[in-house]
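Enquirer: Have a look at this one before I ask anything.
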Amino acid sequence: MLISSMGVTSNAGRVLSGRGKKPSGTAPELDEARMAELARFTARSLSTSRPRPFGAAIIHTKSGKLLLRALNNVAQEFDPTAHAEVRAIRLATKRLKQVSLAGFTLYTTCEPCPMCMSTALWASLDRVVYGATIEDANKHCNQILLPATEVVARSDMKCTVDGPVLRDRCYGLFTDPRMLKAFRLWTTRKRT
């Protein structure tokens, strides 16, 4: 279910493995299936009054069970830190009643900004898998142009970063005509 006022959905226990396949570690096909599902979820926001191209999902690394998904909610919450990844991590740690998300993977429609990647590190996520790149997002809205892999490299914490996965499909969320129209109202939009 999509809760449009919150941009959060929970499907605890749902396995996202793609086409009935048993989850098999970090196979590219599995990452693609999970990213495709996240892109579909995020695309549903394009039909709302507040479209958003940024979506995130937290999935148990070994079982493939979806813990939850979230959308960027900066404008709705009047909170510049309410990025999809940070919201997903906050909601997941609250749901699990623990600070560590070791044993989980974060999927996100766009490469995490330094704030989001740092949050993933502090939460001890196993992996981060992203779709569109920071450079893609920067064509439409302001970004801190520091790759997620560099944030990890400068940390003493470990997290595998994989991407881009289904980059064109995820970037399509940014270039959808409804999103392009919405970007004109964002305070963080690119000014030309």
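The values are calculated or read from the model by the stated rules, or taken from the named source; none is laboratory data. As the structure is a computational prediction, the values presented were derived from the model and not from experiment. When we count neighbours, we look across all protein chains shown, and the Cβ atoms used for this are built from the backbone with ideal geometry, even at glycine. When the accessible area is computed, the model is the full protein with side chains, heavy atoms only, and any ligands, DNA or RNA have been set aside. Shrake-Rupley method; radii C 1.70, N 1.55, O 1.52, S 1.80 Å.
Enquirer: Pop the C-beta distance of ILE144 and ALA75 into the FRET formula with R0 = 25 Å and round what comes out to the nearest 0.05.
Expert: In this case the efficiency is close to 0.85.
Enquirer: Express the relative contact order of segment 48-127 as a whole percentage, based on alpha carbon pairs under 8 Å and six or more residues apart in sequence.
Expert: With pairs under 8 Å counted, the relative contact order is 32 percent.
Enquirer: Here is a follow-up. Using Stokes-Einstein with the Kirkwood hydrodynamic radius over Cα pairs, what translational diffusion coefficient do you get for segment 132-192 at 37 °C and a viscosity of 0.692 mPa s, in µm²/s rounded to a whole number?
Expert: D = 251 µm²/s.
Enquirer: While we're here: Counting only protein heavy atoms and a 1.4 Å probe, tell me what percentage of segment 66-184's accessible area is made up of carbon and sulfur.
Expert: 57 percent
Enquirer: Let me ask something else about it. If you look at just the Cα atoms of segment 91-192, how large are its Rg and its Dmax in Å?
Expert: Both quantities, over Cα of segment 91-192: 14.7, 45 Å.
Enquirer: What distance in nm separates the two pseudo spin-label positions at GLU32 and LYS181, each 7 Å out from Cα along the beta-carbon direction?
Expert: For GLU32 paired with LYS181, the spin-label model returns 3.3 nm.
Enquirer: Please list LEU173, LEU145, LEU166 in order of solvent-accessible area, largest first, computed with a 1.4 Å probe with all protein chains present.
Expert: LEU145, LEU166, LEU173
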